[in-house]
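Here the structure comes first, spelled out in structure tokens, and everything after it is commentary.
The values are calculated or read from the model by the stated rules, or taken from the named source; none is laboratory data. For clarity, every value in this text was computed on a predicted model and none was experimentally measured. Note that we place each Cβ from the backbone using ideal geometry, even for glycine, and neighbour counts take in every protein chain shown.
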């Protein structure tokens with residue numbers, strides 16, 4: 001595993017570091033907006049006092065903390081594999097390029113000791129999973145590894161009720177930032193309850209510290225952070241579009257890891273780019289909160 005010297009130094013000195021995935025670069029947005037967004041997310045994290053660490057696999061080597069030049073290459077390159085837990089052995093052995101999903105990024109963050117990871121939306125239980133059994137590995141990785149994930153809920157194409165049920169079964173603490181309901185990706189609030197609502201990054205850091213140090217428990221914490229009001233899309237507008245895109249996906253026989261990229265691209269096309277603007281806004285919003293929480297948690301760690 002190759003660790004960026006800046007990231008390595010920050011970890012050794014106990015400074016706040018925030019992990020970032022790379023599927024949002026290779027599979028989440030078209031070029032050049034994918035690269036622009038990735039660099040903006042890193043800048044937001046720096047502006048809020050933490051060090052960004054974008055994860056990925058290049059020529060069979062896991063990279064913790066891509067340089068801007070590598071992010072540019074990642075954004076332009078075609079055919080990069082999506083890497084979850086099951087995919088690591090194949091991509092590493094073949095010397096390939098891999099974009100880490102939420103699941104893959106959690107594993108790499110754990111390996112180097114990063115607590116906070118920022119993403120857009122996590123994977124979850126797909127609609128109709130009672131027959132397809134399509135449940136994201138993200139939920140199980142959260143249940144098994146000591147990582148705090150900041151997101152805008154699960155991706156809007158998923159079944160929120162079932163996703164929250166699996167998180168509960170996995171023992172994942174689900175928190176919400178200043179909003180009583182679980183965030184709904186493009187929309188601010190799904191109306192589904194969370195375990196606790198916190199008001200400040202310091203309060204979230206104290207909860208993380210309690211889980212890690214006061215009564216150590218395995219598994220992660222999921223922080224739901226609603227998209228800023230000015231970028232939120234109305235339920236009445238986006239829900240029908242999502243339903244139509246899912247029907248189209250089913251008609252074309254698209255399955256597995258290809259479902260999410262297809263649906264996000266189709267929804268962006270149907271909305272004339274509005275959903276993509278919202279997606280970018282929520283990722284930047286998550287980066288700000290994640291960095292602030294990482295800063296507060298670093299302070300608490302130094303007190304132990």
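So which residues in the range 142-171 are part of a helix (DSSP H, G or I), surrounded by 24 or more Cβ atoms within 10 Å (Cβ to Cβ) and touching a residue at least 60 places away in the same chain (Cβ under 8 Å)?
142 - this is the single residue of the range 142-171 that is part of a helix (DSSP H, G or I), surrounded by 24 or more Cβ atoms within 10 Å (Cβ to Cβ) and touching a residue at least 60 places away in the same chain (Cβ under 8 Å).
Can you tell me which residue among 54, 44, 105 is part of a strand (DSSP E or B) and under 24 Å from residue 30 (Cα atoms)?
The match here is 54.
Determine if the range 281-303 includes at least one residue that is out of contact with any helix residue (DSSP H, G or I) (no Cβ under 7 Å at 6 or more places or on another chain), outside any helix (DSSP H, G or I) and either farther than 29 Å from residue 254 by Cβ or modelled with pLDDT under 90 (or both).
Yes, there is a match, as at least one residue in the range 281-303 is out of contact with any helix residue (DSSP H, G or I) (no Cβ under 7 Å at 6 or more places or on another chain), outside any helix (DSSP H, G or I) and either farther than 29 Å from residue 254 by Cβ or modelled with pLDDT under 90 (or both).
For the range 172-209, which positions are over 25 Å from residue 275 (Cα atoms), crowded, with 22+ Cβ neighbours inside 10 Å and out of contact with any strand residue (DSSP E or B) (no Cβ under 8 Å at 6 or more places or on another chain)?
205
Considering only residues that are in contact with a strand residue (DSSP E or B) (Cβ under 9 Å, 6 or more places away or on another chain) and not in a loop (DSSP other than H, G, I, E, B), look in the range 220-236 and name the one that is modelled with the lowest pLDDT.
Among those residues, the one meeting the criterion is 235.
Select from the range 243-261 the residues that are more than 30 Å from residue 204 (Cα to Cα), part of a helix (DSSP H, G or I) and modelled with pLDDT under 85 and list them in ascending order.
Result: 246, 250, 256, 257, 258, 259, 261.
Can you tell me how many residues in the range 69-91 are out of contact with any strand residue (DSSP E or B) (no Cβ under 7 Å at 6 or more places or on another chain), surrounded by fewer than 21 Cβ atoms within 10 Å (Cβ to Cβ) and either in a helix (DSSP H, G or I) or touching a residue at least 24 places away in the same chain (Cβ under 8 Å) (or both)?
10
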